[in-house]
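Single-structure report; data block below.
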Amino acid sequence: MATSKTTKSRRAVARRSGKAGAPKDALALLKADHREVSGWFDDYEDAESATEKAELSAKICQALKVHTQIEEEIFYPAARNAIKDEDLLDEATVEHAGAKDLIAQIEAAKVGDPLYDAKVKVLGEQVKHHIGEEEQELFPEAREAKMDLVALGERMAARKAELMGATPTR
């Protein structure tokens, strides 16, 4: 079922609404990333042209590569030092590996290739599952552990900007 341009426009505005400035802490930054990429997966489902699908899948893959990298380099090590539940972080790391594999497959193919749409759909389902676990389980533990989420968020925002080839916003 196709989504109207009005609905797509509303989604885009909702995703951008949190981007007036850099998120105030690490969890806000990660949640903003989650909202953005989830919206792009929804838009991909509604996309009809190969060009639109190619643009969306490229944005999705780039965003996920940067997001997983800042989590693995900065957030997960800090969380490992602060929380007691190592299993959550181990599972998240394994989920990242699965996502990276699918991203590589998507990037090596082109829209219209066999299983291309299925790979993007499965990646979306896996990512949305991962987001749910992080936001419902890991993030509350991180907040409860009294991690310095503001300082961590600043480091993550700077690294994200570096990876995206931009200057961090303040």
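No value in this document is a laboratory result; all are computed from the given coordinates. The structure displayed is predicted, hence computed values, not measured ones. With ideal geometry, Cβ positions are generated from the backbone for all residues, glycine too; neighbour counts draw on all protein chains shown.
Placing +1 at every Lys and Arg Cβ and -1 at every Asp and Glu Cβ, with all other atoms neutral, what dipole size does the range 60-160 have around its Cα centre, in debye to the nearest 20?
On the way: 13 positive and 22 negative charges, 102 e Å.
So the dipole magnitude of the range 60-160 works out to roughly 480 debye.
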Net charge within 14 Å of residue 126 by Cβ-Cβ distance, Lys/Arg positive one each and Asp/Glu negative one each, not counting residue 126 itself? -2
Euclidean distance of C-alpha centroids, the range 47-79 and the range 135-162, integer Å: 18 Å
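Between their Cα atoms, which of 59/100; 31/110; 53/100 are more than 25 Å away from each other?
Numbers: 59/100 14 Å; 31/110 29 Å; 53/100 19 Å.
The answer is 31/110.
Among rounded, prolate and oblate, which fits the range 47-98 when a ≥ b ≥ c are the square roots of the eigenvalues of its C-alpha gyration tensor, a/c under 1.5 means rounded, and a/b larger than b/c means prolate? Please list the in-between numbers first.
Numbers: a/c = 4.73, a/b = 2.90, b/c = 1.63.
Here the range 47-98 falls in the prolate category.
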Relative to 2.2 N^0.38 Å, what does the C-alpha radius of gyration of the range 91-143 come to as a ratio? Two decimals please. 1.34
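Cα gyration tensor of the range 26-158, axes a ≥ b ≥ c as square roots of the eigenvalues: rounded (a/c below 1.5), prolate (a/b > b/c) or oblate?
Details: a/c = 2.43, a/b = 2.08, b/c = 1.17.
Taking the square roots of the gyration eigenvalues as a ≥ b ≥ c, the range 26-158 is prolate.
Work out the FRET efficiency for residue 161 and residue 128 from their Cβ-Cβ distance, taking R0 = 25 Å, and round it to the nearest 0.05. Walk me through the numbers before you get to the answer.
On the way: r = 25 Å, r/R0 = 1.02.
E between residue 161 and residue 128, to the nearest 0.05, is 0.45.
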Give me the distance in nm between label points sitting 7 Å out from Cα along the Cα-to-Cβ direction at residue 118 and residue 87, one decimal. 3.3 nm
If packing is taken as the average number of other Cβ atoms within 10 Å across a peptide's residues, how do 105-118, 127-140 rank, most packed first? 127-140, 105-118
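Using r as the Cβ-Cβ distance of residue 46 and residue 141, and R0 as 25 Å, what FRET efficiency do you calculate, to the nearest 0.05? Walk me through the numbers before you get to the answer.
On the way: r = 35 Å, r/R0 = 1.40.
About 0.10, to the nearest 0.05.
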Two pseudo-spin positions, 7 Å from Cα along C-beta at residue 97 and at residue 24, lie apart in nanometres by 3.8 nm
